[in-house]
Amino acid sequence: MATTLTVVIGPTSSGKSKLAIEMATQSGAQIISADAFQVYRGLSIGTGKTPLMDRHDVPHHLIDIREPIQRYCVSDFMHLSNTLISTLHAQHIPVIVCGGTAFYLHAFIHQLGFESLPYDESLRASLTKTWSHQSGIAIWQHLYRLDPSTALAIPVAQSQKVLRALEVWMLTGKSMISQQSIPIRRKNCRVIGLNPARELLIKQIYHRIESMIENGWVEEVEVLLKKGIPESCPAFKAIGYKEIAHYLNGGMTFTQMIESIKTKTRQFSKRQMTWFKHFKDVEWIF
């Protein structure tokens, strides 16, 4: 059977979107975004959304489907992407899944079952408020005391996933990892990975951030704040948005803001590759 499903992975600024569009143009495929923040309306520049003109030529899915204050998690992504793939494949349309949210991509490639795990908006809000002033290690250590097997599977830096695991444990009294399905890799799924040299990637990251600022990223955040979007909302967990808001509120200089965004993005790209290097059967492009 010919491959009708392709997944493009790689760190931020590695050229995933460009490659996906080139492949989709050649094959007639449509693209599903595997990005945790491109789902949010009003966050376009800072999340690196493909321009509308390109999305018109090549249909993209799971972009601009949530308001900034709404939650979006791996279970939402799994449910929506699986539904889209069933619909598109029924029409004999190839699919390319493209993004940099490694946790989503791992779950997708291995068909992990997150749909049945419960969630509670009020509990999540309470947990977020309780731990908002605590360090990532403190939150992780609390999860470890309650659910060590799940804690060991989640990097300390990924505080939102740690909070999600706490939420599941409090709702079910069971380990989140024990309630996930056994990983089964998708059949006929081609995985292509971009892994440019580290020095080149860092240059591309810095150039991209500078271009985003020049193209109106600060103004984009200013518009969101004027609309009353709180800095504590889920969307503002995307790198750069809180930093820019902090700058706009007088909490740091323009130069400090840029350097902070560059540092956090560089660190994020390293964490992405730590995840991706554990993916199996990837066609790496260096």
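The values are calculated or read from the model by the stated rules, or taken from the named source; none is laboratory data. Computed from a predicted structure; not experimentally measured. A quick note on method: Cβ atoms are made from the backbone with ideal geometry, for glycine too, and the neighbour counts reach across all protein chains shown. Areas reflect the complete protein model, heavy atoms only, side chains present, ligands, DNA and RNA absent. Shrake-Rupley method; radii C 1.70, N 1.55, O 1.52, S 1.80 Å.
Could you tell me how many of the residues in region 126-165 are in contact with a Leu (Cβ under 8 Å, 6 or more places away or on another chain) and either hydroxyl-bearing (Ser, Thr, Tyr) or under 16 Å from residue 103 (Cβ atoms) (or both)? Residues flagged as in contact with a Leu (Cβ under 8 Å, 6 or more places away or on another chain) and either hydroxyl-bearing (Ser, Thr, Tyr) or under 16 Å from residue 103 (Cβ atoms) (or both) within region 126-165 amount to 9.
Being open to solvent by 50 Å² or more (accessible area, probe 1.4 Å), assigned to a loop (DSSP other than H, G, I, E, B) and touching a helix residue (DSSP H, G or I) at 6+ places or on another chain (Cβ under 9 Å) is a property that residue 141 lacks.
Pairing residues of region 101-127 that are acidic (Asp, Glu) with residues that are at pLDDT 90 or above, at Cβ distances under 7 Å and at least 6 apart in sequence or on separate chains, gives 115/78; 115/79; 120/167; 120/171.
Taking into account only those residues within region 41-53 that are more than 16 Å from residue 222 (Cα to Cα) and out of contact with any His (no Cβ under 8 Å at 6 or more places or on another chain), which is surrounded by the most Cβ atoms within 10 Å (Cβ to Cβ)?
Across region 41-53, the extreme among qualifying residues is 49.
Please go through region 1-37 and pick out each residue that is in a helix (DSSP H, G or I) and of a type in the set (Asp, Glu).
Listed by number, the list holds a single entry, 22.
For residues in region 162-179 being surrounded by fewer than 18 Cβ atoms within 10 Å (Cβ to Cβ) and assigned to a loop (DSSP other than H, G, I, E, B), which is modelled with the highest pLDDT? Top of the filtered list is 173.
Table: residues versus (1) crowded, with 18+ Cβ neighbours inside 10 Å; (2) outside any helix (DSSP H, G or I); (3) modelled with pLDDT under 95; (4) among the β-branched types (Val, Ile, Thr).
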residue	(1), (2), (3), (4)
192	yes, yes, no, yes
205	yes, no, no, yes
232	no, yes, yes, no
243	yes, no, no, no
250	no, yes, no, no
261	yes, no, no, yes
